[in-house]
Amino acid sequence: MEKYFPPKHKKDSYHCPHCNVYARQDWNELGHAAYIFIPYRGLESSKCEYCTKFSLWLDKVMIFPEKTLAPNPHEDLPIELIDDYLEAASIVTKSPRGAAAILRLILQKLMVHLGESGKDINKDIGSLVQKGLHPHVQ
Ligand SMILES: [Zn+2]
């Protein structure tokens, strides 16, 4: 299973926040080019080698594209569910109910990934508990 590598300051490669492809990033400190003067030292850009879109970083924190309050996807989340998770994360502050609906869909897909039917979440989770999942998770 492929892993998800979230954007990290000065990392050579990570999953791009624009295209979500694991790609090399070209880092540049802004404010040094002849055509631009920014009297602030902590502004940097990273450019995705795959989609060529920029991300902006201020004091080692990504400020563009807009960051969400949601945590990064868990490292065990199947890669095919990452896009759904990031979509939920991107709307959670504007539409918490919309994000919850997407998270429920992810849970349904996760049940199929774990060998359950994916048709009835309650039954599937109950089945997982019978197979050894801690009842607290239920
Ligand atoms: Zn990209």
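The values are calculated or read from the model by the stated rules, or taken from the named source; none is laboratory data. All figures in this text were calculated on a predicted structure; none of them were measured in a lab. Note: ideal-geometry Cβ built from the backbone for every residue, glycine included; neighbour counts use all protein chains shown.
Quick notes
- Residue within region 48-55 that is more than 16 Å from the ligand (Cβ to nearest atom), part of a loop (DSSP other than H, G, I, E, B) and free of Cβ contacts under 8 Å to residues at least 40 places away in the same chain present: no
- Filtered by the rule that a residue be free of Cβ contacts under 8 Å to residues at least 24 places away in the same chain, under 21 Å from residue 73 (Cβ atoms) and surrounded by 13 or more Cβ atoms within 10 Å (Cβ to Cβ), region 113-138 gives 114, 116, 118, 121, 124, 125, 128, 133.
- For region 43-91, the set of residues classified as acidic (Asp, Glu), closer than 23 Å to residue 105 by Cβ and touching a His at 6+ places or on another chain (Cβ under 9 Å) consists of 80 only.
- The set of residues in region 65-83 that are closer than 11 Å to residue 20 by Cβ and surrounded by 16 or more Cβ atoms within 10 Å (Cβ to Cβ) comprises 73, 82.
- Within region 56-90, if we keep just the residues that are among the aliphatic types (A, V, I, L, M) and assigned to a loop (DSSP other than H, G, I, E, B), the residue that is farthest from the ligand (Cβ to nearest atom) turns out to be 69.
- Any hit, region 20-42, residues being at pLDDT below 90 and within 13 Å of the ligand (Cβ to nearest atom): yes
- Evaluation of residue 46 against (1) loosely packed, with under 13 Cβ neighbours inside 10 Å; (2) at pLDDT 95 or above (one fails), failing number: (1)
- In region 79-126, the residues that are of a type in the set (Gly, Ala, Ser), at pLDDT 90 or above and farther than 23 Å from residue 3 by Cα: 98, 100, 101, 117, 126
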